[in-house]
Amino acid sequence: MPAVNDYALEVQSIFKDKGLFVDVDLSGNTFQKKIRTGQLEQYNFIFVVGAEEQKSRTVNIRNRDDQATQSKGELIPLQEALDQMIKLKEERRRVNKF
């Protein structure tokens, strides 16, 4: 899925340009395996981006500290996600709920 990989790299670039740390998993693993790897590695947030997210320019965010987000949830517009992540970084809150 090179087209989806392009979107994942675009999301990474947008967030990195704002000083946020972002890894991208472009391996051939399934979404489920990629998500599980991110959970095991204790990432604070896992952004799931596939064809649906690419088409609508959104992201699906899973928050390590919020069990309610551990399954497919609402799609969040990319700019809104970026704004929220910048806000979280600036505020340095202990509770990182969206």
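Conditions tested, residue by residue: (1) over 12 Å from the mean Cα position of the chain (by Cα); (2) of a type in the set (A, V, I, L, M); (3) buried (at least 16 other Cβ atoms within 10 Å of the Cβ); (4) closer than 27 Å to LYS87 by Cβ.
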residue: LEU9; (1), (2), (3), (4): no, yes, no, yes
residue: SER13; (1), (2), (3), (4): yes, no, no, yes
residue: ASP17; (1), (2), (3), (4): yes, no, no, yes
residue: ASP23; (1), (2), (3), (4): no, no, no, yes
residue: LEU40; (1), (2), (3), (4): yes, yes, no, no
residue: GLY50; (1), (2), (3), (4): no, no, no, yes
residue: GLN54; (1), (2), (3), (4): yes, no, yes, yes
residue: ASN60; (1), (2), (3), (4): no, no, yes, yes
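Take the conditions (1) modelled with pLDDT of 90 or more; (2) loosely packed, with under 14 Cβ neighbours inside 10 Å; ASN44 misses just one of them, which is (1). The numbered conditions (1) surrounded by 14 or more Cβ atoms within 10 Å (Cβ to Cβ); (2) without any contact (Cβ under 8 Å) to a residue 40 or more places away in the chain; (3) of a type in the set (Gly, Ala, Ser) are all true for GLY28 except (1).
The values are calculated or read from the model by the stated rules, or taken from the named source; none is laboratory data. Please read these numbers as outputs of a predicted model, since none were measured by experiment. Here Cβ is always computed from backbone atoms with ideal geometry, including for glycine, and neighbour counts include all displayed protein chains.
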